[in-house]
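Undergrad: Sharing a structure with you now.
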Amino acid sequence: MKVGILMLAGPRSWAELTKAAEAAGYDSVWFPEHLIFPAKMSGKPGSPDEGHPPVPPETPTWDLFVLMGYLAGQTSTIRFGANVYNIGLRHPFITARALTTADIVSGGRVDLGIGSSWLAEEWRAMQLPFEHRGARVDESIEIIRRLFTEETIEHHGAYYDFQPVKFQPKPVQKPWPPFIVGGDAPAAMRRAARLGDGWIPMDQTPESLPGNLAKIRRMRADAGRTGPFQVIVQAGELRDLDGLKRWRDAGADRVLTTPWSHPRDGLDGLRRYADEVLSKLD
């Protein structure tokens, strides 16, 4: 099992922490993403905290692909992930161009976690219907994959319609950088099974993961899908080896952790975790 860093830190720490994580043996660094935070926003639809967003609107956000390119030039082996990118808010041409550029400059070290989003006000700010987000995400994934694998593509769909186009260059990773579908809702699990190269749930435990993963595997089999499929879980400030092994035994391929309580302690935290936990993982 691989262990990555969920990078909850500001820009002054990115390069230092990423290079230290690479030296300490972590597999990857992952960054959260939003395009915009409206001043007034609600929480996740249908959740007990629907009226209370999990982050304040003043929270800083960054362009993930610029960030990946910046860090790729200072590292050589560590991978970069989006946790998760709101793919439906952008035209697929824009996502495809940014993703293939990041993949090329990093030498094929990018994983694209994607989500349909919980933030209705963000969609309204972009003048897009929140109610159609799932279908728009699905169509975007299909278009981007065709751009990455076909010489010429033409598309006439529900949300995008364009004449024959060409897309060069293609990504380093073949057939494309992994699309890791985020979310725990039934629709997200179906999307992971039908279109994803992996699944990155948000609200699982080592006890709930095996049953839900079995559902996804059945859906993949029903869809005739084979090949690599990675399961990535978020474990927060995971401190002990036994906890890491519980996730591995539950079916996780990669665990994301933030081994510090404050970014100022990030270097000591990630090095201590590497010595005390990562080095003992068989």
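Laboratory data are not the source of any read-out in this text; all were calculated from the coordinates shown. The structure displayed is predicted, hence computed values, not measured ones. All Cβ positions, glycine included, derive from the backbone under ideal geometry; neighbour counts span all protein chains shown.
Undergrad: Report, in deg cm²/dmol and to the nearest 500, the calculated mean residue ellipticity at 222 nm for the chain, where each DSSP H run with n ≥ 4 adds -39500 (n - 2.57) and the sum is divided by the residue count.
TA: Mean residue ellipticity, 222 nm, calculated: -11500 deg cm²/dmol.
Undergrad: Another one. Could you work out how much longer the chain between Leu8 and Lys40 gets when fully extended? Use 0.36 nm per residue separation minus the Cα distance between them, nm to one decimal.
TA: Length difference between fully extended and current span is 9.2 nm.
Undergrad: Taking the Cα-to-Cβ direction at Ser279 and at Thr77 and moving 7 Å from each Cα, how far apart do the two end points lie in nm?
TA: Spacing of the two 7 Å Cα→Cβ label points: 1.6 nm.
Undergrad: While we're on this one: With both partners inside the chain, how many of the DSSP beta bridges are antiparallel, as a percent to the nearest 5?
TA: Taking every DSSP beta bridge with both residues in the chain, the antiparallel ones total about 15 percent.
Undergrad: Would you mind working out the magnitude of the charge dipole of region 156-282 relative to its Cα centre, with +1 at each Lys and Arg C-beta and -1 at each Asp and Glu C-beta, to the nearest 20 Debye?
TA: In total the dipole reaches around 640 debye.
Undergrad: Return one number: the angle in degrees, 0 to 90 and rounded to the nearest 10, between the long axis of the Cα atoms of helix 186-195 and the longest principal axis of the Cα atoms of the chain.
TA: 80
Undergrad: Continuing with the same structure: Exposed loop GluC sites (Glu not before Pro) only (DSSP loop, at most 10 other Cβ atoms within 10 Å): please give the longest stretch of the chain free of them, not including the sites.
TA: The reported range is 59-150.
Undergrad: Pull out the extension gain between Asp249 and Val105, defined as 0.36 nm times the separation in residues minus the alpha carbon to alpha carbon distance; nm, one decimal.
TA: Between Asp249 and Val105, full extension yields an extra 48.4 nm.
Undergrad: With angles folded into 0 to 90 degrees, how steeply does helix 209-222 sit against the dominant principal axis of the chain? Use alpha carbons for both and round to 10.
TA: Its long axis makes an angle of about 30 degrees.
Undergrad: Which values, in whole Å and largest first, are the semi-axes of the equivalent ellipsoid of region 2-280 obtained as the square root of 5 times each eigenvalue of the Cα gyration tensor?
TA: Largest first, region 2-280 gives 28, 22, 21 Å.
Undergrad: Under a crude label model (7 Å from the Cα following the beta-carbon direction), how far is Arg97 from Asp222 in nanometres?
TA: In this crude spin-label approximation the distance works out to 3.9 nm.
Undergrad: While we're here: Region 253-282 to region 160-220: how many Å between their Cα centroids?
TA: 27
Undergrad: First select every other residue whose beta carbon is under 11 angstrom from the beta carbon of Lys215; then total the charges, Lys and Arg +1, Asp and Glu -1.
TA: +3
Undergrad: Taking the Cβ-Cβ separation of Glu131 and Thr61 as r and a Förster radius of 41 Å, what is the calculated FRET efficiency to the nearest 0.05?
TA: Efficiency at R0 = 41 Å is approximately 0.95.
Undergrad: Based on Cβ point charges of +1 for Lys and Arg and -1 for Asp and Glu, what charge dipole magnitude is obtained for the chain about its Cα centre, in debye rounded to the nearest 20?
TA: So the dipole magnitude of the chain works out to roughly 540 debye.
Undergrad: How much FRET efficiency would the formula 1/(1 + (r/R0)^6) give for Lys166 and Asp268, where r is the Cβ-Cβ distance and R0 is 45 Å, rounded to 0.05?
TA: Computed FRET efficiency for Lys166 and Asp268: 0.35.
Undergrad: Something else now. So how tilted is helix 241-250 from the main axis of the chain? Cα-based, degrees 0 to 90, rounded to 10.
TA: It works out to around 30 degrees.
Undergrad: In the structure displayed, which of Lys215/Lys280; Lys2/Lys280; Lys2/Lys245; Lys2/Lys44 lie more than 23 Å apart, Cα to Cα?
TA: Lys215/Lys280; Lys2/Lys44
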